[in-house]
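Here the structure comes first, spelled out in C-alpha cells, and everything after it is commentary.
The values are calculated or read from the model by the stated rules, or taken from the named source; none is laboratory data. None of these values were measured; they are calculated from a predicted model. All Cβ positions, glycine included, derive from the backbone under ideal geometry; neighbour counts span all protein chains shown. Accessible surface areas use protein heavy atoms only, side chains included; no ligands, DNA or RNA. Shrake-Rupley method; radii C 1.70, N 1.55, O 1.52, S 1.80 Å.
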Amino acid sequence: MQLTLEFGGGLELLCQSVKIHNVDVVLQAGETKLTMRVLLSWIRTNVIKERPEMFMKGDSVRPGVLVLVNDCDWELSGQLDTTLEEKDVVVFISTLHGG
Amino acid sequence: MDDTEAKTNKAGGRQCSICNQRRAALKRPKTLQQICKECFYAVFEEEIHQVIVDNHLFKPGERIAIGASGGKDSTVLAYVLSELNRRHNYGLNLFLLSVDEGITGYRDDSLETVKRNEVQYGLPLKVVSYKDLYGWTMDEIVKMIGLKNNCTFCGVFRRQALDRGAALLKTDKLATGHNADDIAETILLNILRGDIARLSRCTSITTGEDGPIPRCKPFKYTYEKEIVIYPCSIYSPNAYRGFAREFIKDLERIRPRAILDIIKSGENFRISTSTKMPEQGTCERCGYISSQKWCKACVLLEGLNRGLPKLGIGRTRGLNNGQNKDMDQTNGMKNIHSKECGTLDF
C-alpha cells in the first residue's frame with residue numbers, strides 16, 4: 001500500500017532528517033487491512049533509525065505527538081484503529097520542543 | 001490543513017459541532033468538541049481575543065514587544081496579535097523582539113523565521129545579542145565554563161535580555177508565547193520544587209506590573225496542540241523538554257481537561273499570609289529587579305569576568321549569602337539546573 005508519511009517538529013531527526021517518506025507497506029499474510037496500530041509498528045521497524053522512544057510509547061505514539069491522517073486529527077478517526085487506504089497521507093508532528 | 005475534501009472518509013463523515021455543515025477535522029482538547037478547520041480558526045482566534053479583553057491585557061496606544069524566538073508559539077502569537085489588533089482595533093504598536101545568544105548554528109534558522117515574520121506580518125524587528133548586552137556570547141561562555149552549567153547562564157541572561165530589548169524599543173509591555181501546557185508544566189515544577197514564590201507568580205496572566213516592563217501571556221489558556229495545528233506547518237526542533245512536560249501529555253491523553261485543571265489549581269493556591277516571601281528589590285549594580293543584592297545576571301557576569309564561572313550556579317544566594325555554602329549546593333542542584341533550558345522561568 002502506497003502511503004506518504006511526514007515527520008515534523010523534530011521527529012524527522014529520528015529518520016535521518018528526512019521529513020517526507022513515500023513508502024510502500026506490504027500487508028502480512030492473513031492481514032486484510034492496514035490500521036494505524038500496524039503502521040506504527042511498521043514505521044518503528046522500517047523508518048525510525050534512532051531513539052524510537054521519542055516516537056512511540058507502548059504501541060502508540062508518545063503523548064505530545066500529533067497525528068493527522070489526510071489532514072484530519074486521528075482522534076476523530078479512531079486513533080490506533082484508524083484504517084488506512086491507498087495514497088493516504090499520515091503526518092506526525094512532535095509538540096515536545098521549545099517555542 | 002487543506003486540499004482534503006476528497007479524502008475525508010476516516011472521520012466517518014462526522015459533522016462539525018459548531019457549524020453543522022462541514023466535516024470535523026480535529027478534536028479540541030479543551031472541550032472535546034469535534035470541529036472543522038474553518039470553525040477552528042475562528043474559535044481559536046476569538047478565544048484569545050476574549051482572554052485579551054477579559055484580562056485587560058492591553059490598552060489602546062500601547063507599544064507591545066512580542067518575544068519572538070522563531071518557534072511555533074511566538075510565530076503564531078505574532079500572527080494572531082497582529083490579526084486581532086487589526087480586526088478589533090486594539091490600537092497597538094506591535095514589535096518583534098528576538099534574542100541572539102551567540103550560539104553558532106543554533107539561532108540561524110530561528111532568526112531567519114523571525115525575519116520572515118517581520119516581512120509577513122509587517123512588524124518591526126529588534127534583535128538584541130548577549131554580546132552587546134553582556135559582552136559575552138554563549139559560545140564564549142561555553143568555552144570558559146564547559147557544557148555543564150551553561151543553561152543557567154543562558155536562562156538568566158535570556159530573561160533579562162528580553163526586558164532590556166523591550167526597554168530599548170520603549171515598549172509598555174512584553175507579550176510572550178507561553179501556552180497552557182507551558183504554564184501547567186511550570187506549576188507542577190514549582191510545586192515539586194516547593195518554590196512558593198514562583199508558584200504564585202507563574203499563574204498570573206500578567207506579571208511584573210510594578211516593574212518597568214510588565215509581561216503578559218495571551219496564550220495562557222491556549223493548548224499547545226491547537227497552536228501546532230493552527231498553522232499546521234512543521235517547525236524546526238528545539239531543546240527537548242523534561243519529564244513534567246511528558247507527564248502533562250500523558251495526563252492530557254487520559255483526561256484532556258487536565259491541563260486547564262492544573263492551571264486552575266495553580267491559580268487557586270493560597271499561601272498562608274505568615275509565609276515569608278522573598279522581597280522583590282532591585283539589583284545594586286544594574287537596577288534590574290532582584291530579590292538579592294545583585295541580580296542573577298550580574299552575579300554570573302562577575303564570575304565570568306573574574307574567571308570564576310562557577311559563581312552563582314546552583315540554587316544560589318549568590319554573592320549575597322556567602323559563597324562557600326553556595327559551592328556545596330552546586331552539586332546537589334546540578335540535575336535540576338541542567339534541565340533549565342527546557343523549563344520555564346516566569
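In this structure, does A:I20 turn out to be more than 14 Å from every other protein chain (Cβ to nearest Cβ) and among the hydrophobic types (A, V, I, L, M, F, W, C)? Break it down into steps so the answer makes sense when it comes.
Working: more than 14 Å from every other protein chain (Cβ to nearest Cβ): no; among the hydrophobic types (A, V, I, L, M, F, W, C): yes.
Here the answer is no, as A:I20 does not meet what is asked.
In the range B:295-314, what count of residues is obtained for those that are in a loop (DSSP other than H, G, I, E, B) and modelled with pLDDT of 85 or more? First the steps, then the outcome.
Taking the range B:295-314 as the starting set, the residues that turn out to be in a loop (DSSP other than H, G, I, E, B) are B:295, B:307-314.
Filter again for modelled with pLDDT of 85 or more, leaving B:295.
Qualifying residue count for the region: 1.
Keeping to the range B:69-81, report how many residues are open to solvent by 10 Å² or more (accessible area, probe 1.4 Å) and more than 13 Å from the chain's Cα centre (by Cα).
So the count comes out to 1.
Check B:L84, B:L133, B:L111 and return the single one that is of a type in the set (A, V, I, L, M, F, W, C), in contact with a His (Cβ under 7 Å, 6 or more places away or on another chain) and assigned to a helix (DSSP H, G or I).
On the way: B:L133 fails: in contact with a His (Cβ under 7 Å, 6 or more places away or on another chain); B:L111 fails: in contact with a His (Cβ under 7 Å, 6 or more places away or on another chain).
Every option except B:L84 fails the conditions.
Looking only at the range A:64-87, count every residue that is within 7 Å of chain B (Cβ to nearest Cβ) and either in a strand (DSSP E or B) or at pLDDT 90 or above (or both) and tell me the total. Spell out the reasoning first.
Taking the range A:64-87 first, the residues within 7 Å of chain B (Cβ to nearest Cβ) are A:64, A:66, A:69-73, A:75-77, A:82.
When the remaining residues are screened for being either in a strand (DSSP E or B) or at pLDDT 90 or above (or both), the result is A:66, A:69-70, A:72-73, A:75-77, A:82.
The qualifying residues number 9.
What number of residues within the range B:267-284 satisfy the criterion of being of a type outside the set (S, T, Y) and without any contact (Cβ under 8 Å) to a residue 24 or more places away in the chain?
Let us first name the residues in the range B:267-284 that are of a type outside the set (S, T, Y), namely B:267-271, B:276-281, B:283-284.
So of that shortlist, the ones also without any contact (Cβ under 8 Å) to a residue 24 or more places away in the chain come out as B:268, B:270, B:276, B:279, B:281, B:283-284.
Qualifying residue count, the range B:267-284: 7.
Just wondering, is there one or more residues in the range B:272-294 that are modelled with pLDDT of 50 or more, open to solvent by less than 30 Å² (accessible area, probe 1.4 Å) and either part of a helix (DSSP H, G or I) or under 30 Å from B:L147 (Cα atoms) (or both)?
yes
Which one of B:K173, B:K148 is away from every other protein chain (no Cβ under 14 Å), of a type in the set (K, R) and within 30 Å of B:R270 (Cβ to Cβ)? It would help to see each step written out before you state the result.
Numbers: B:K148 fails: within 30 Å of B:R270 (Cβ to Cβ).
Result of the check over B:K173, B:K148: B:K173.
Condition first: within 10 Å of another protein chain (Cβ to nearest Cβ), crowded, with 18+ Cβ neighbours inside 10 Å and under 11 Å from the mean Cα position of the chain (by Cα). Can you find one or more residues in the range A:42-55 that meet it?
no
Could you tell me which numbered condition A:P63 fails, if it satisfies all but one of (1) in contact with a strand residue (DSSP E or B) (Cβ under 6 Å, 6 or more places away or on another chain); (2) surrounded by 17 or more Cβ atoms within 10 Å (Cβ to Cβ)?
Every listed condition holds for A:P63 apart from (1).
Please find, within the range B:205-228, the residue that is most open to solvent (accessible area, probe 1.4 Å) out of those that are part of a loop (DSSP other than H, G, I, E, B) and within 28 Å of B:F40 (Cβ to Cβ). Before you say what the answer is, go through the steps one by one.
We begin by selecting, within the range B:205-228, every residue part of a loop (DSSP other than H, G, I, E, B); these are B:205, B:208-214, B:217-223.
Subset that is within 28 Å of B:F40 (Cβ to Cβ): B:205, B:217-223.
On the way: B:I205: 20, B:K217: 7, B:P218: 1, B:F219: 0, B:K220: 8, B:Y221: 66, B:T222: 11, B:Y223: 1 Å².
Ranking the candidates gives B:Y221 first.
If you check every pair at least six apart or on different chains, which have Cβ atoms under 6 Å apart with a residue in the range B:117-132 that is among the β-branched types (V, I, T) first and a residue that is not in a loop (DSSP other than H, G, I, E, B) second?
B:V127/B:S98; B:V127/B:D100; B:V128/B:V99; B:V128/B:A161; B:V128/B:G165
Has the range A:18-38 got any residue that is in a strand (DSSP E or B), buried (at least 20 other Cβ atoms within 10 Å of the Cβ) and either aliphatic (A, V, I, L, M) or under 13 Å from the mean Cα position of the chain (by Cα) (or both)?
Let us first name the residues in the range A:18-38 that are in a strand (DSSP E or B), namely A:20-24, A:34-35.
Narrowing the set further to residues that are buried (at least 20 other Cβ atoms within 10 Å of the Cβ) leaves A:34.
So of that shortlist, the ones also either aliphatic (A, V, I, L, M) or under 13 Å from the mean Cα position of the chain (by Cα) (or both) come out as A:34.
Yes, there is a match, as at least one residue in the range A:18-38 is in a strand (DSSP E or B), buried (at least 20 other Cβ atoms within 10 Å of the Cβ) and either aliphatic (A, V, I, L, M) or under 13 Å from the mean Cα position of the chain (by Cα) (or both).
Tally up the residues in the range A:1-17 that are open to solvent by 10 Å² or more (accessible area, probe 1.4 Å), more than 8 Å from every other protein chain (Cβ to nearest Cβ) and within 11 Å of the chain's Cα centre (by Cα), please.
The total comes to 1.
Scan the range B:117-125 and give yes if some residue there is in contact with a Lys or Arg (Cβ under 9 Å, 6 or more places away or on another chain) and either open to solvent by 20 Å² or more (accessible area, probe 1.4 Å) or among the aliphatic types (A, V, I, L, M) (or both), otherwise no.
Restricting attention to the range B:117-125, the residues satisfying the condition of being in contact with a Lys or Arg (Cβ under 9 Å, 6 or more places away or on another chain) are B:125.
Restricting the remaining residues to those that are either open to solvent by 20 Å² or more (accessible area, probe 1.4 Å) or among the aliphatic types (A, V, I, L, M) (or both) gives B:125.
The answer is yes, given that some residue of the range B:117-125 is in contact with a Lys or Arg (Cβ under 9 Å, 6 or more places away or on another chain) and either open to solvent by 20 Å² or more (accessible area, probe 1.4 Å) or among the aliphatic types (A, V, I, L, M) (or both).
Considering each of B:I18, B:I66, B:I48 in turn, give the residue that is open to solvent by less than 30 Å² (accessible area, probe 1.4 Å), touching a residue at least 24 places away in the same chain (Cβ under 8 Å), more than 10 Å from every other protein chain (Cβ to nearest Cβ) and not in a strand (DSSP E or B). Spell out the reasoning first.
Details: B:I18 fails: open to solvent by less than 30 Å² (accessible area, probe 1.4 Å); B:I66 fails: not in a strand (DSSP E or B).
The unique qualifying residue is B:I48.
So, of the residues in the range B:28-41 that are open to solvent by less than 50 Å² (accessible area, probe 1.4 Å) and at pLDDT 90 or above, which turns out to be nearest to the other protein chains (Cβ to nearest Cβ)?
B:Q34
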